[in-house]
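Colleague: Here you go, one structure.
The values are calculated or read from the model by the stated rules, or taken from the named source; none is laboratory data. Given the structure is predicted, the values throughout are model-derived calculations rather than measurements. In this analysis, Cβ positions are derived from the backbone assuming ideal geometry, glycine residues included, and neighbour counts consider all displayed protein chains.
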Amino acid sequence: MFGLYRPKTLEDALEFLSKNAPDVKPLAGGTELLVLIRDKKITTPKYLLDLSPLKKQLSYVKIEDGKVRIGATTTLYEISRTFLHSDVRFAGFVDTWKKFGTLAIRFSATIGGNVVAGTQYSDYATLLLAYDATVKAVSSRGERSIPLEKFILDKRIIDLRPDELVKEVEFAIPPQGSSSSFVKFDRRELLIAGIITGAFFLALEEGKIRDVKIAFDMVKGKRAPARSHEVESFLLGKTFSEDLIEKAAEEVLPTYMERITDWWTTAEYRLDMSKVALKRGLLKCKARIEKGVI
């Protein structure tokens, strides 16, 4: 059994955290945390800190100081009602939305919760890695900005101190001539956890790859969303072509991709589908840039 604390302000929440950490867990949408508590996969905390009273402070999607800022308690549904679902530079958000759980879950799940979960099923975290996003964490002691890639250390291991809350996620506004995509493979269309997932960002200039970022649900040595820097380095600065993408997928990616075998499928199949995801994702980005539509 646990107690429930409903703060009046963000400052109130941070004060409660500072006095009671580590015996308190923040609760936003609850689509991940409550399941973990129910299934006894984490120790039941003494308190849950209900973040719903902080919606006015922590729920937003806005452009400010050259960056896109998303408040931690913003739900996936709320994100779907913003420019992130209408501008081709953010097209990957539409892909991710379409493949994420059920509509009921999308109404409850928050961007902060997805990032904090830190698992290979954190689809929005994978997408945000392709935008080189940064996490802002706050406590009564101050604020920290942590690159998302360094924030997610491994599966369910994140760089968040017991007295900290995630306040927002931010990333630089992408340039014109850029787009993104998100690819997920599984046997079902609903409630899909994903055999493999990948997120891709591409910026072109006169046919050359000006910028590229690639993230998968896991890479070699890490069972959580992470960037594939080696493939990015191979592609950067080169003229975009199907042959180049084929070589990146078939020759470069397997060197740095480590997949696992479990009851779902084999490591070999996951690797093959990762290659397919890379090809499809980057080709989709290019088509979106050229057509200017999602």
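Colleague: How about region 44-127: which helices (runs of 4 or more DSSP H) wholly inside it have at least 1 residues that are within 19 Å of residue 14 (Cα to Cα)? Show your work before the answer.
Modeller: On the way: elements: 55-58, 76-80, 91-99, 103-108, 111-117.
Per the criteria, 55-58, 111-117.
Colleague: Output the residues belonging to region 250-276 that are over 22 Å from the mean Cα position of the chain (by Cα), in contact (Cβ under 8 Å) with a residue 12 or more places away in the chain and either farther than 15 Å from residue 194 by Cβ or outside the structural domain of residue 222 (by TED's automatic domain parsing) (or both).
Modeller: Matches in region 250-276: 250, 252, 254, 255.
Colleague: Does any residue of region 197-216 turn out to be within 14 Å of residue 126 (Cβ to Cβ), at pLDDT below 95, surrounded by 19 or more Cβ atoms within 10 Å (Cβ to Cβ) and aromatic (Phe, Trp, Tyr)?
Modeller: No.
Colleague: Go through region 234-294 and tell me which helices (runs of 4 or more DSSP H), entirely inside it, have 3 or more residues that are of a type in the set (A, V, I, L, M).
Modeller: 267-291
Colleague: Further question on the same structure: Tell me yes or no: at least one residue of region 201-218 is under 26 Å from residue 174 (Cα atoms) and touching a Cys at 6+ places or on another chain (Cβ under 8 Å).
Modeller: First pass over region 201-218, keeping only residues under 26 Å from residue 174 (Cα atoms): 201-218.
Cutting the leftovers down to touching a Cys at 6+ places or on another chain (Cβ under 8 Å) gives us 201-202.
Yes, some residue in region 201-218 is under 26 Å from residue 174 (Cα atoms) and touching a Cys at 6+ places or on another chain (Cβ under 8 Å).
Colleague: Further question: Applying the selection to region 1-16, what residues are exposed (fewer than 12 other Cβ atoms within 10 Å of the Cβ) and not in a loop (DSSP other than H, G, I, E, B)? Please lay out each step first, then the result.
Modeller: If we filter region 1-16 for residues that are exposed (fewer than 12 other Cβ atoms within 10 Å of the Cβ), which is where we start, we get 1, 4, 8.
Listed by number, the list holds a single entry, 4.
Colleague: Would you mind finding the one in 54, 76 that is surrounded by 19 or more Cβ atoms within 10 Å (Cβ to Cβ) and over 24 Å from residue 161 (Cβ atoms)?
Modeller: 76
Colleague: Separate question: Confirm whether residue 212 is assigned to a strand (DSSP E or B), closer than 30 Å to residue 19 by Cβ and aliphatic (A, V, I, L, M).
Modeller: Values: assigned to a strand (DSSP E or B): yes; closer than 30 Å to residue 19 by Cβ: no; aliphatic (A, V, I, L, M): yes.
Taking the combined requirement at face value, the residue does not satisfy it.
Colleague: Just wondering, is there one or more residues in region 49-67 that are outside the structural domain of residue 218 (by TED's automatic domain parsing), under 25 Å from residue 219 (Cβ atoms) and modelled with pLDDT of 95 or more?
Modeller: Taking every residue of region 49-67 in turn, none turns out to be outside the structural domain of residue 218 (by TED's automatic domain parsing), under 25 Å from residue 219 (Cβ atoms) and modelled with pLDDT of 95 or more.
Colleague: Please go through region 221-233 and pick out each residue that is in a loop (DSSP other than H, G, I, E, B) and closer than 20 Å to residue 182 by Cα.
Modeller: 223, 224, 225, 228
Colleague: Another question, then. Taking the stated definitions as given, is residue 132 assigned to a loop (DSSP other than H, G, I, E, B), at positive phi and modelled with pLDDT of 95 or more?
Modeller: yes
Colleague: Does region 17-44 hold any residues that are within 14 Å of residue 163 (Cβ to Cβ) and either β-branched (Val, Ile, Thr) or buried (at least 19 other Cβ atoms within 10 Å of the Cβ) (or both), and which are they?
Modeller: Taking region 17-44 and keeping what is within 14 Å of residue 163 (Cβ to Cβ), we get 17-26.
Hits for region 17-44 are 17, 24, 25, 26.
Colleague: Write out, first by first residue and then by second, each pair whose Cβ atoms fall under 8 Å of each other, whose residues are 6+ apart or on separate chains, and whose first residue, in region 224-239, is farther than 18 Å from residue 274 by Cβ and assigned by TED's automatic domain parsing to the domain that holds residue 260 while the second is of a type in the set (A, V, I, L, M) and at pLDDT 95 or above.
Modeller: Short answer, once both residue conditions are applied: 236/209; 236/212; 237/209; 238/209; 238/244; 239/209.
Colleague: Identify all residues within region 68-94 that are out of contact with any helix residue (DSSP H, G or I) (no Cβ under 6 Å at 6 or more places or on another chain) and within 19 Å of residue 177 (Cβ to Cβ); write none if there are none.
Modeller: Residues satisfying the conditions are 68, 83, 86, 87, 89.
Colleague: Moving to a separate point now. How about region 129-149: which of its residues are charged (D, E, K, R) and in contact with a strand residue (DSSP E or B) (Cβ under 9 Å, 6 or more places away or on another chain)?
Modeller: 132, 136, 143, 144, 149
Colleague: List every residue pair whose Cβ atoms sit under 6 Å apart, with the two residues 6 or more apart in sequence or on different chains, where the first one lies in region 29-40 and is modelled with pLDDT of 80 or more and the second, anywhere, is hydroxyl-bearing (Ser, Thr, Tyr) and crowded, with 17+ Cβ neighbours inside 10 Å.
Modeller: 29/110
Colleague: Which residue is farthest from residue 71 (Cα to Cα), if the candidates are limited to region 159-177 and must be of a type outside the set (D, E, K, R) and crowded, with 22+ Cβ neighbours inside 10 Å?
Modeller: Among those residues, the one meeting the criterion is 165.
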